[in-house]
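Chemist: I have a structure here, written as structure tokens, and I will follow up with some questions on it.
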Amino acid sequence: MPHGAEDRTKPLARVMMRAPGPAMAKADPATWHYGPGFDPARAEIQHAALAAIVAASGAKIHWIPSVDDDLSDAVFVQDPSFVTRAGAVVLNMGKPLRRREPDLHVAAYEALGVPILGQLEGAATVESGDCVWIDPDTLAIGRGARSNQAGIEAVAALLAPHGMRVQAYDLPWWTGPEACLHLMSLISPLGPRMALIHAPLLPYALWAELTARGWTLLHAPEDEFTASNGLSLNVLMLSPHDVVMVDGFPRTRALMEAHGCRVQVFEGDALCIACEGGPTCLTRPVLRA
């Protein structure tokens, strides 16, 4: 099957998703670090609304089965892997409760006929929420609570033979390792050279790199970022300047619209805000074409 999702000049064509299902229905909010707005029944409805938007864009959704496997966070399919033109890279989760999730992605890629370039093991950890493609040959990885130096080096070794390189950027402590601060919590690409950012926490070296490359960086309203625990910034690019975000953050939406973006919204309080994962986290792009 055709694969490769690193080129943001192209629209999303194939994507993996997993419904919250019985695993999230049984989740203990305290164990999973879910907030007071967590509601599994409403989360299911909100996830379906996002899936409808993705499908209406023309992207084909490949569903990872939702079963009673105690993997509540597996709904956030962004994190355990990513897909390049050379094949899928299966990662190793920094959050112990998520360590079994990469196996779901291995099975999915095997079923789809997407070759697996390699898989991280042992103490080497990277979560794809820390990975942002600067261009189709350059992957930025945030080094922090979920992605460590050993993992970054392992990813770099897998990509180098295929002409792709890795640049690492240090992430701040912010609210501590129990919370989920990924690099993509601080930057959401909206097009090939445009992104929504939270400037106060974005690594300066990454800001300087993107600025030097001529990127347009939109500084998201800080009050909405704080009110949403960062989820106002979690925006999924369906195609260049055609994006999806959680509803309820009108100033962030207006900022993107003022810069030529079409913005669609869905209700995400019970799923995204409560569980610390937005529309980008809920999708695993397999092909942009």
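The values are calculated or read from the model by the stated rules, or taken from the named source; none is laboratory data. The structure displayed is predicted, hence computed values, not measured ones. Every residue, glycine as well, gets a Cβ built from its backbone with ideal geometry; the counts of neighbours run over all protein chains shown.
Chemist: Which numbered condition in (1) of a type in the set (Asp, Glu); (2) touching a strand residue (DSSP E or B) at 6+ places or on another chain (Cβ under 8 Å); (3) under 22 Å from residue 4 (Cα atoms) is the only one that residue 209 fails?
Modeler: (3)
Chemist: Which one is modelled with the lowest pLDDT among residues in region 248-289 that are of a type in the set (D, E, K, R) and either within 12 Å of residue 75 (Cβ to Cβ) or part of a loop (DSSP other than H, G, I, E, B) (or both)?
Modeler: Ranking the candidates gives 276 first.
Chemist: For residue 147, are the conditions met, namely being in contact with a Leu (Cβ under 9 Å, 6 or more places away or on another chain) and at pLDDT 95 or above?
Modeler: yes
Chemist: Give the residue that is surrounded by the fewest Cβ atoms within 10 Å (Cβ to Cβ), with candidates limited to residues of region 73-104 that are among the aliphatic types (A, V, I, L, M) and either in a loop (DSSP other than H, G, I, E, B) or free of Cβ contacts under 8 Å to residues at least 24 places away in the same chain (or both).
Modeler: Among residues in region 73-104 that are among the aliphatic types (A, V, I, L, M) and either in a loop (DSSP other than H, G, I, E, B) or free of Cβ contacts under 8 Å to residues at least 24 places away in the same chain (or both), the one surrounded by the fewest Cβ atoms within 10 Å (Cβ to Cβ) is 86.
Chemist: Okay, moving on. Has region 204-219 got any residue that is surrounded by 17 or more Cβ atoms within 10 Å (Cβ to Cβ), in a loop (DSSP other than H, G, I, E, B) and either touching a residue at least 40 places away in the same chain (Cβ under 8 Å) or of a type in the set (Gly, Ala, Ser) (or both)?
Modeler: Looking through region 204-219, none of the residues is surrounded by 17 or more Cβ atoms within 10 Å (Cβ to Cβ), in a loop (DSSP other than H, G, I, E, B) and either touching a residue at least 40 places away in the same chain (Cβ under 8 Å) or of a type in the set (Gly, Ala, Ser) (or both).
Chemist: Can you name every residue in region 63-88 that is touching a Ser or Thr at 6+ places or on another chain (Cβ under 6 Å) and of a type in the set (A, V, I, L, M)?
Modeler: 88
Chemist: In this structure, does residue 70 turn out to be at positive phi, not small (Gly, Ala, Ser) and not in a helix (DSSP H, G or I)?
Modeler: So residue 70 fits the description; yes.
Chemist: What are the residues in region 46-67 that are touching a residue at least 12 places away in the same chain (Cβ under 8 Å) and part of a helix (DSSP H, G or I), if any?
Modeler: Of everything in region 46-67, those that are touching a residue at least 12 places away in the same chain (Cβ under 8 Å) and part of a helix (DSSP H, G or I) turn out to be 46, 47, 48, 49, 50, 51, 53, 54.
Chemist: Moving on. Among 173, 207, which is the only one that is at pLDDT below 95 and either aromatic (Phe, Trp, Tyr) or in contact with a Pro (Cβ under 9 Å, 6 or more places away or on another chain) (or both)?
Modeler: Exactly one of 173, 207 is at pLDDT below 95 and either aromatic (Phe, Trp, Tyr) or in contact with a Pro (Cβ under 9 Å, 6 or more places away or on another chain) (or both), namely 173.
Chemist: What is the residue count in region 240-289 for residues that are crowded, with 21+ Cβ neighbours inside 10 Å, without any contact (Cβ under 8 Å) to a residue 40 or more places away in the chain and out of contact with any strand residue (DSSP E or B) (no Cβ under 9 Å at 6 or more places or on another chain)?
Modeler: 0
Chemist: Shifting gears a bit: Is at least one residue of region 221-234 over 22 Å from residue 131 (Cβ atoms) and of a type in the set (Val, Ile, Thr)?
Modeler: Looking through region 221-234, at least one residue is over 22 Å from residue 131 (Cβ atoms) and of a type in the set (Val, Ile, Thr).
Chemist: State the number of residues belonging to region 184-203 that are part of a strand (DSSP E or B), out of contact with any Lys or Arg (no Cβ under 7 Å at 6 or more places or on another chain) and not hydrophobic (A, V, I, L, M, F, W, C).
Modeler: 1
Chemist: For the structure I just gave you, tell me whether residue 233 is under 24 Å from residue 13 (Cα atoms) and within 19 Å of the chain's Cα centre (by Cα).
Modeler: Judged against the criteria, residue 233 is a match.
Chemist: Collect the residues in region 130-150 that are among the small types (Gly, Ala, Ser) and buried (at least 24 other Cβ atoms within 10 Å of the Cβ), keeping them in residue-number order.
Modeler: Those that are among the small types (Gly, Ala, Ser) and buried (at least 24 other Cβ atoms within 10 Å of the Cβ): 142, 147.
Chemist: Tell me which residues, restricted to region 149-183, are outside any loop (DSSP other than H, G, I, E, B), farther than 18 Å from residue 201 by Cβ and either touching an Asp or Glu at 6+ places or on another chain (Cβ under 7 Å) or among the acidic types (Asp, Glu) (or both).
Modeler: Within region 149-183, 153, 165 qualify.
Chemist: Can you tell me how many residues within region 31-48 are under 18 Å from the mean Cα position of the chain (by Cα) and more than 10 Å from residue 275 (Cα to Cα)?
Modeler: 3
Residue-wise test of (1) modelled with pLDDT of 95 or more; (2) of a type in the set (Gly, Ala, Ser); (3) crowded, with 21+ Cβ neighbours inside 10 Å.
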{"site": "11", "(1), (2), (3)": "yes, no, no"}
{"site": "16", "(1), (2), (3)": "yes, no, yes"}
{"site": "19", "(1), (2), (3)": "yes, yes, no"}
{"site": "29", "(1), (2), (3)": "yes, no, no"}
{"site": "35", "(1), (2), (3)": "no, yes, no"}
{"site": "43", "(1), (2), (3)": "yes, yes, yes"}
{"site": "52", "(1), (2), (3)": "yes, yes, no"}
{"site": "61", "(1), (2), (3)": "yes, no, no"}
